[in-house]
Amino acid sequence: MDVTPGGTAAPLKRFLAPLGQGFRRGVELSARLVATRQYPCEKCPLRPLPAFREFDEQELSFIDTFKRGELAVDKGATVLVEGSHSAHLYTVLSGWAFHYKLLPDGRRQILNFSMPGDLIGLQGSLMGEMQHSVEALSPMLLCLFERDQLQELYRNHPGLAYDITWIASREERMLDENLLSIGRRTALERAAYLIAFIARRARGAGLNGKTPVQIPITQQHIADTLGLSLVHTNKTIRKLMDRKLIMWRDGGCEVIDYDGLKKLARWEGLGEECRPLI
């Protein structure tokens, strides 16, 4: 495992002890602290994207001190686990993740997906423990922040405090859309909505550029998001493919006709303004 600059045992223990609490118990920690900062906040590759609002110099300076380092996460690692107490929260710099809850018998409900620019762990930071788990869909690089500094952010940086409130409200809005879809759309409409929704967010995060959006999910992920059986999901995906709206490849789902998916789902899109990037 890499260490932070300086390489002494004390800083390493200080980071890894609380860090390990956020990962699945009984599984080897599939993450490593990056030895050096690859991306100082002022040179963050996400900031130039039109989806994110600009920070003033004072805000950017605080975020740079708020950030404690970067964390590389392997595909399949559990970044945060339901019921855990984490000393950190994270911004996704690269890669994909999904949020989920489990019933006692192991049945899974996927709640949402995270991609570059999204904040992970805010719930656990404010409520004391995570109410759901987060797993990496692909290799990820996360910006690491200490929860204890949130109080300073709220106290001395009201603009950033508003940004975090906005981020929480955005999450609530997305859950509203997902609940409507599961409760009232047909299986075909649900699948079309979900894929269009993820594709729209991916483009906003700078993923894939002008090429067809590639979503690194399996049909099991779709089934667990929509509350469908795997057999029903497979039949539904085939219908979308027959309409030439998507292609299914080894790496996941490729969106061919985003507007066609929106029309089928009767979804107007996100219509999102510039959002904050913590």
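The values are calculated or read from the model by the stated rules, or taken from the named source; none is laboratory data. Not measured: the values here are computed from a predicted model. Every residue, glycine as well, gets a Cβ built from its backbone with ideal geometry; the counts of neighbours run over all protein chains shown.
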Could you go through the stretch 162-171 and let me know if any residue there is out of contact with any Cys (no Cβ under 7 Å at 6 or more places or on another chain), farther than 25 Å from HIS85 by Cα and touching a residue at least 24 places away in the same chain (Cβ under 8 Å). no
Inside the stretch 60-95, the number of residues satisfying the requirement of being in contact with a helix residue (DSSP H, G or I) (Cβ under 7 Å, 6 or more places away or on another chain) and of a type in the set (Val, Ile, Thr) is 1
Filtering the stretch 176-194 down to residues that are exposed (fewer than 12 other Cβ atoms within 10 Å of the Cβ) and over 20 Å from HIS232 (Cβ atoms) yields ASP176
Of the listed residues (LEU230, LEU240, LEU245), the one being modelled with pLDDT of 95 or more and touching a strand residue (DSSP E or B) at 6+ places or on another chain (Cβ under 7 Å) is LEU240
Of ARG32, ARG37, ARG47, the only residue that is at pLDDT below 75, in a loop (DSSP other than H, G, I, E, B), at negative phi and of a type in the set (D, E, K, R) is ARG37
It is to be established whether one or more residues within the stretch 195-204 are surrounded by 20 or more Cβ atoms within 10 Å (Cβ to Cβ), within 21 Å of GLU54 (Cβ to Cβ) and not small (Gly, Ala, Ser). yes
In the stretch 216-254, anything within 23 Å of ALA136 (Cα to Cα), part of a loop (DSSP other than H, G, I, E, B) and in contact (Cβ under 8 Å) with a residue 24 or more places away in the chain is listed as PRO216, ILE217, THR218, GLY227, LEU228, GLY251
How many residues of the stretch 193-215 are polar (S, T, N, Q) and either part of a loop (DSSP other than H, G, I, E, B) or over 21 Å from the mean Cα position of the chain (by Cα) (or both)? The answer is 2
Do we find that ARG190 is assigned to a helix (DSSP H, G or I) and either at pLDDT below 90 or touching a strand residue (DSSP E or B) at 6+ places or on another chain (Cβ under 8 Å) (or both) in this structure?
no
Counting only residues in the stretch 116-145 that are buried (at least 18 other Cβ atoms within 10 Å of the Cβ) and among the charged types (D, E, K, R), the one nearest to ALA51 (Cα to Cα) is identified as ASP118
Across (1) surrounded by 13 or more Cβ atoms within 10 Å (Cβ to Cβ); (2) assigned to a loop (DSSP other than H, G, I, E, B); (3) not β-branched (Val, Ile, Thr), GLY269 clears everything bar (1)
